[in-house]
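K.L.:
Here's a structure for you.
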Amino acid sequence: MKDLLVKNLNPSQAEAVLCTEGPLIIFAGAGTGKTRVITHRIAHLLASGVAPWSILAVTFTNKAATEMKQRVNDLAPQTCANVWVSTFHSFCAYFLRVESSKIELNPDFLIYDFSDQKNVIKDCLQELNIDEKKFKPSTVVNEISRAKDDLKSPSDIAVGADNNGDFIATIVATIYQLYQEKLERAGALDFGDLIMRTVLTLKQYPSLLEHYQEKYKYIMVDEYQDTNHAQYMFVKLLAQKHRNICVVGDDDQSVYSWRGADINNILAFEKDYPNAKSIKLEQNYRSTPRILATSHQVVRHNSKRIDKQLWTQNSDDGSVSVVKAVNENDEATKVVYLIFLKTIDNQYSFSDFAVFYRTNAQSRAFEDAFRRAGMPYTIIGTLRFYDRAEVKDIMAYLKLIHNPNDNVSFKRIVNIPRRGIGKTSLESLEKLAILKNMSIWQAFPFAKEAGLTKGAVNALNSFEQLIKAFADLKNNVSVKEVAKEVITRSGYLKELESEKTPESKTKIENIQELISAIDDFEHRSPDKSLAGYLTQVSLVSDIDSLDQSKGKVTLMTLHLAKGLEFNNVFLCGLEEGLFPIGESAFNPEDLEEERRLMYVGMTRARKHLYLCWATERTVYGKTKWNMPSRFVAEAGFRDEIVEREQAKRQNHYSLGQVASRDFGGERNYKKYARVEVEYRNNDAYSYDETAKDEPSYTLAVDASPYKMGSIVTHPIFGKGKIIEKSGTGDDLKLVVLFETGQWKKLLARAANLTLNQLGCP
């Protein structure tokens, strides 16, 4: 069995699988089979006689954990049942529930998501009389989350603020303290609490730590480069007795510092474990040699990395192309047209394509272009199913049934559907609850004392009886049946049905889909309780909803792309100021992370990679003239920007032929431009915006003395180099990079430039 497990592995993979004792770090480059190694290593441990319950493997997404479980089951179906494979947060949620009685924690705790956290912070700001405009709830949530990632309490923040004279940090510490009090009163934890409370518990209770150290003798951590300090300490505590710890990751793919990830965790692993064995996985099974070479050209510019270079035995039948566009709409149009060219003969399906961008705001132009084309697409990372108002309403009912002290859920649905409990009544009751240091639910008996009218008191009593009836029901029927009762007996469904609008119909469909999701949970999960369901839902991530089998082009931000792969990838918006974003170009560490993000995007491509940029772009209402991202130059496209479709066909498709393609929707291709053109450094192209049917790019004769790369002198800005040009004649515009580091867009006829006759340097 052991020999069979490594038979089809390459030498580095086999070495990693067979190394089971002592600390091990596996530097697994993109597409080198890290999941294959982790799962084969688990199977090898089982085949070697290691008890399955003594193996713990943690990763970051439910999608990754599910894939690992399935692969381990395929390799060792008889012995894998008790191997623990999960996300960090899922394991810690389980740990805290199991050990709740020992650490004075309500075992029925809820897990607040980002939306819930913001609502609590808003209450804190109002109670503390702090202006929301100066302290935005989302910003405060992020500050508190980062503090928890670093295992810092409110008092830790306050002490640090006092020492540094940081007034803002002092206020954040005050909000943090009240926020924690409200969470405790509601019997709730947030994501940061799950890890932080687990670490603090293990430190505080030595006997508990020893128990779990003895229980999990073999620990594996996936995506180790993404761990924050709290996760680092969690792993270190569990592994410090037996030291059979294996971490797998790639420093070149560390892109989450903004949410607490510390690249130094992976770079310093061998300092933490001096006798650690280090193995590099460099054979890539995903991409073509050209894509790998181009990606390495970019990432090698980083200084803070472990030296490695991916290679592959795959054939080099792909391409890396640069697509230059006039603006964001032109960029989107070209992307859609290029996808059309590759799907017209069924060479690829739509699910073989992904469009990545740096910010969510960039998706608008692509959505418009795909809709005009009737081309199917899906966006990952926008409004999740569980973030839809009607779904959150039903979920709030379920949360309140599980834990009536949940103020956030209570306030959301106490008057949905309308019960005659007004805003003033609710505010009065909440103020009394705060004074008495209790939840709003616990303050019900004091409703008259709070000044509520008889009608409001009666409405509250009816609501209380309804929730109690649901709570009694949950002990006797399935979660799905409880949800069905909530939808009908609360009057929620009846109110939607009475509206008889397209919007209400959609909401009803979403609620029906929620019932289906609960049914799916009950079939898949061993824990079929309401607590189990609420925990599972709270830990769902954006990427878990991606289904690449549904025949749609995938649109998403680059940060969500890690771990995925597509035959064709478009990296869009590659312009200075957008990618690398903002001021990151002026901070070495931020710039290196932006470069790693670029590398992540590039290495998602199996066959064809397109690097797209626009000479001007309107973002947040402001139009800017752009230089191509430095990453385009680092990729090797310095003196020539080429846009070229690599398909074998040589002819141009007419718009009529495009429109005949069955995309399953309305087709409006009149604004589509042909794209099989090249942009070269000494040529200028003009765009005919007046064409009604088939706009196209035509070669314009450039008779001006200003050539790309020419040296010019400006009377104010000094000497510079022409790095871009557009237009002709009196409309000729130049982009000049001056020796000061500034670049300016100038109208040639009015700029009073002196041309250096020596030409290019």
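K.L.:
Using the Cβ atoms and a cut-off under 11 Å, what net charge is assigned to the surroundings of TYR256, where Lys and Arg are +1 and Asp and Glu are -1?
P.N.:
-2
K.L.:
Also, quick follow-up: Taking amide H atoms as placed 1.01 Å from N in the peptide plane, list the residues 5 or more away in sequence, or in a different chain, whose amide H sits under 5 Å from that of ALA325.
P.N.:
TRP613, ALA614, THR615
K.L.:
At R0 = 35 Å, how high is the FRET efficiency between SER498 and ARG371 if r is their beta carbon distance? Nearest 0.05 is fine.
P.N.:
Computed FRET efficiency for SER498 and ARG371: 0.65.
K.L.:
Starting from the amide H of LEU110, placed 1.01 Å from N in the peptide plane, find each other amide H under 5 Å away whose residue is 5 or more places distant or on another chain.
P.N.:
Close amide H contacts, sequence-distant or interchain: ALA188, LEU189.
K.L.:
Over 27 Å between Cα atoms, which of LYS136/LYS480; LYS342/LYS622; LYS215/LYS308; LYS468/LYS528; LYS136/LYS500 qualify?
P.N.:
Violating the 27 Å limit, Cα to Cα: LYS136/LYS480; LYS342/LYS622; LYS215/LYS308; LYS136/LYS500.
K.L.:
For the chain, what's the relative contact order in percent, using C-alpha pairs closer than 8 Å and at least 6 residues apart?
P.N.:
Once divided by the residue count of the chain, the mean separation gives 15 percent.
K.L.:
Still on this structure, please answer the following. With labels modelled as points extended 7 Å from the Cα through the Cβ direction, what inter-label distance (nm, one decimal) is found for ALA633 paired with TYR205?
P.N.:
5.8
K.L.:
If I compute solvent accessible area with a 1.4 Å probe over the protein chains, what percent of it on the chain is carbon and sulfur?
P.N.:
48
K.L.:
Straight-line reach from LYS423: which lysines fall under 21 Å, measuring Cα to Cα and dropping same-chain residues less than 8 apart?
P.N.:
Here the lysines satisfying the reach criterion relative to LYS423 are LYS118, LYS122, LYS182, LYS392, LYS411, LYS431, LYS436, LYS448, LYS454.
K.L.:
Which aspartates and glutamates have a Cα lying under 18 Å from the Cα of LYS484, excluding residues fewer than 8 positions away in the same chain?
P.N.:
GLU390, ASP393, ASP472, GLU495, GLU497, GLU509, GLU513, ASP519, ASP520, GLU522
K.L.:
Sorted by accessible area (1.4 Å probe), largest first, how do LYS118, LYS392, LYS500, LYS148 line up?
P.N.:
The ordering from most to least exposed comes out as LYS500, LYS118, LYS392, LYS148.
K.L.:
Working from Cα positions, state the angle (0 to 90°, nearest 10) between the long axis of helix 154-164 and the longest principal axis of the chain.
P.N.:
50
K.L.:
Taking amide H positions as placed in the peptide plane 1.01 Å from N, state which residues far from ARG606 in sequence (5 or more) or on other chains have amide H under 5 Å from it.
P.N.:
Here the answer is PHE566, ASN567, ASN568, since their amide H atoms fall under 5 Å of that of ARG606.
K.L.:
Which of the aspartates and glutamates could a cross-linker bridge to LYS277, judged by Cα under 19 Å and excluding same-chain residues fewer than eight apart?
P.N.:
Reachable aspartates and glutamates: GLU15, GLU21, ASP222, GLU223, ASP250, ASP251, ASP307.
K.L.:
Using the Cα centre of the range 460-522 as origin and beta-carbon charges of +1 (Lys, Arg) and -1 (Asp, Glu), tell me which of THR501, THR488, GLN465 is placed farthest towards the positive end of the dipole.
P.N.:
GLN465
K.L.:
Roughly speaking, what is the stretch gain from LYS448 to LYS215, that is 0.36 nm per residue apart minus the C-alpha to C-alpha distance, in nm to one decimal?
P.N.:
Contour length minus Cα-Cα distance gives 78.5 nm.
K.L.:
Something else about it: Using the Cα centre of the chain as origin and beta-carbon charges of +1 (Lys, Arg) and -1 (Asp, Glu), tell me which of SER100, VAL632, MET233 is placed farthest towards the positive end of the dipole.
P.N.:
Result: SER100, furthest along the dipole toward the positive end.
K.L.:
Quick one: check the C-alpha center-to-center distance for the range 410-434 versus the range 1-66, whole angstrom.
P.N.:
Rounded to whole Å, the Cα centres lie 53 Å apart.
K.L.:
For a quick protection proxy, order the peptides 157-168, 716-727 by their average other-Cβ count within 10 Å, most packed first.
P.N.:
716-727, 157-168
K.L.:
Return the calculated 222 nm mean residue ellipticity for the chain, to the nearest 500 deg cm²/dmol, obtained by summing -39500 (n - 2.57) across DSSP H runs with n ≥ 4 and dividing by the residue count.
P.N.:
Value at 222 nm, helices only, nearest 500: -13000 deg cm²/dmol.
K.L.:
May I pose another question? With label points built 7 Å along Cα→Cβ from the Cα atoms of THR170 and GLU739, find their separation and express it in nm.
P.N.:
Calculated label separation equals 5.0 nm.
K.L.:
Simple spin-label model, 7 Å along Cα-to-Cβ: SER138 to ALA471 in nm?
P.N.:
With each label point 7 Å from Cα toward Cβ, the separation is 3.5 nm.
K.L.:
Continuing with the same structure: Could you tell me how far the Cα centroid of the range 143-200 sits from the Cα centroid of the range 94-132, in Å?
P.N.:
11
K.L.:
Solvent-accessible area per residue for the range 216-275 at a 1.4 Å probe radius, Å²?
P.N.:
32
K.L.:
Multiplying the sequence separation of ARG749 and GLU104 by 0.36 nm and subtracting their Cα-Cα distance, what value in nm do you get?
P.N.:
Result for the pair: 224.5 nm of gain on full extension.
K.L.:
Shifting gears a bit: Any idea of the accessible area per residue across the range 289-340, 1.4 Å probe, to the nearest Å²?
P.N.:
For the range 289-340, the solvent-accessible area averages 36 Å² per residue.
K.L.:
Let me ask something else. Averaging sequence separations of C-alpha pairs under 8 Å and six or more residues apart, then dividing by the length of the range 400-521, give the relative contact order as a whole percent.
P.N.:
Here the relative contact order equals 22 percent.
The values are calculated or read from the model by the stated rules, or taken from the named source; none is laboratory data. These figures come from a predicted structure and were not determined experimentally. As a convention, Cβ positions derive from the backbone with ideal geometry for all residues, glycine included, and neighbour counts pool all protein chains shown. Just the protein is used for accessible areas: all its heavy atoms, side chains included, with ligands, DNA and RNA removed. Shrake-Rupley method; radii C 1.70, N 1.55, O 1.52, S 1.80 Å.
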